[in-house]
């Protein structure tokens, strides 16, 4: 979202007239963005320094600047942008992070500095050049216009109050490798800042920021490549503040736990699509292959879900990762049943809300508590959890229970607001779509709102046949587009492959549940005409999803009704049919939340209950 944009010349004039803070504050207010008094003070104090640095005859005053540009992807705002054309007439942007800091020292946390920051707080903060660099990767990684037009984006930071005697702490290129591409400028470096900006932006192109702002959100990262690079210890810079903070905290706490021979339990909260798996894989890579000269850690990734673990393995095998190495990196809960005390320096438990103490079929005797064993085997255990994604009766673990285990093992609990993941990295509909789904399903704390598809396709179909035809079109471009359904149809094809599990639309729609194979459903091109269930897609991303909402969710007299008796008898895993009503409602609601938030680009819906289908259509703004 564009808050303030102007020519450099007009910006300099507004700073000289001391009106810039009021102008930005008014634009923020008009845009409906909340801001604090401290932020207003920062505009008043910092922006004139930038204006002074750029007020020179050797820089084109018709180029454009923007202040507090707000990302569509999340709530982050960029302090200052300079944009236009470079020497070769290519679109070009420079991102500048501004700080009023006057003193700084080293931090033990990677990518952080210990600074005297805003509000008089002295604590660990992200290095400002690390912040600005992440903004550039956010734009490159998720903006369609930036990708298609190959917009040149560079970054730097400017600490205009900091004497250069602190350069040894904040400009140490050995400690902060990112400074090679995202430099920092201090009090006496105004000329260096000007030359950096002048190098990349020569002539004006006011329309550039509007093109970027109106572009679609489109993830450009190939997940297989990202996964491989992350495990090699190469940092993923598309992390937002919550993700980056979580990765740094994990690395720091593992080092401290080993140094002091202590245990740590880290709790990271995050809803669907907020990047829990990205944080886990990124942290694992940096612990396995540290770039700071520290020793390699014994670390592994664990998830109760078969599908993500299988999918990650398949992606890595494509990159010639050895199967034996994959087996050591990706484990199930049962792997810890025979482990010794603190066998692992760190275990990262993804989808922790699905963890169970014991489950049939894992070749572990019933008397063994597998979660307890996981605590026993790990010096540092990290739990990525979202209690709103519990979908079966065996999904045992909660935050309170994690704390009980931690207390038993005298493990220090690490949690907090900086370890909450909120930005939407899967679904290009962003927070607006997720809030819409939460409101529709009746989650506490969410208002029922209508949804206007913009960056994200959302359609309700009159027949499952029409929806499948649309998904087939999407499969031509994105093979990982699939049909999914709530578990309300019996799995009759399991015993007789000539039968269909779904017989709908006057026999026009004849489909079967997905098959259990060695290869994951989402990666299996031979299952494009099969329907996935909650047990095979949780924790997995797909391009487009067509969702069949079964008769376990209907609409009557202005409200949703959850009906556990419609759950299929063959669904032994969820336990919904035999659960108490309160738990059954929770599990059905969570199931549809998971299904409706799987897709990156769009979700299509067909409701078997026609009243629900009609109602859902009324919630879409044309």
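Annotations for the structure displayed:
- Take the Cα of residue 150, step 7 Å toward its Cβ, do the same at residue 473, and the gap between the two points is 3.2 nm.
- Computed from Cα atoms, the angle from the helix 37-54 axis to the main principal axis of the chain rounds to 50 degrees.
- Computed over region 400-483, the convex hull of the alpha-carbon atoms projects to a mean area of 9.1 nm².
- Near-label residues of region 267-303 by backbone N, under 20 Å of a point 7 Å along Cα→Cβ of residue 444: 269-272
- Cα gyration tensor, region 4-214 - rounded (a/c under 1.5), prolate or oblate: rounded
- Where labels lie 7 Å past Cα in the beta-carbon direction, separation of residue 505 and residue 9 in nm: 6.1
- With contacts taken as Cα pairs under 8 Å at a separation of at least 6 residues, region 430-618 carries a relative contact order of 28 percent.
- Extension gain, residue 408 to residue 106, is 105.3 nm, computed as 0.36 nm per intervening residue step minus the present C-alpha separation.
- Scattering curve values for region 413-536, log₁₀ I(q)/I(0), Debye with Cα scatterers, q = 0.10, 0.14, 0.17 Å⁻¹: -0.45, -0.82, -1.08
- Nearest 10 degrees, 0 to 90: helix 128-142 Cα axis against the chain principal axis: 50
- Computed over the Cα atoms of region 496-611, pair by distinct pair, the Kirkwood hydrodynamic radius stands at 15.5 angstrom.
- Extension gain from residue 116 to residue 52, taking 0.36 nm per residue of separation minus the Cα-Cα distance: 20.6 nm
- Gyration tensor verdict on region 10-96 (Cα atoms; rounded if a/c is under 1.5, prolate if a/b is larger than b/c, oblate otherwise): oblate
- Counting only DSSP H runs of at least 4 residues, each contributing -39500 (n - 2.57), and dividing by the residue count of the chain, the helix-based mean residue ellipticity at 222 nm comes to -10500 deg cm²/dmol.
- Our estimate of slack between residue 459 and residue 207, defined as 0.36 nm per intervening residue step minus the Cα-Cα distance, is 87.5 nm.
- Under the criterion of Cα pairs below 8 Å and six or more residues apart, the relative contact order for the chain equals 11 percent.
- Cα-based equivalent ellipsoid of region 139-189: semi-axis lengths in Å, sorted from largest, via gyration tensor: 29, 12, 7
- Cα-Cα pairs of region 546-622 separated by more than 20 Å (percent): 34
- Based on the Stokes-Einstein relation at 25 °C and a viscosity of 0.890 mPa s, and on the Kirkwood radius from alpha carbon pairs, region 7-55 is assigned a translational diffusion coefficient of 223 µm²/s.
- Mean separation of Cα contacts under 8 Å, 6 or more apart, over the residue count of region 4-214: relative contact order %: 23
- Rounded if a/c under 1.5, otherwise prolate or oblate - region 542-583, Cα gyration tensor axes: oblate
- Estimated inter-spin distance, residue 259 and residue 399, nm [label 7 Å along Cα→Cβ]: 2.8
Coordinate-derived values only; no laboratory data. Note that the structure is predicted; figures quoted are calculated from it, not measured. Glycine also receives a Cβ, built like all others from the backbone with ideal geometry; neighbour counts cover every protein chain displayed.
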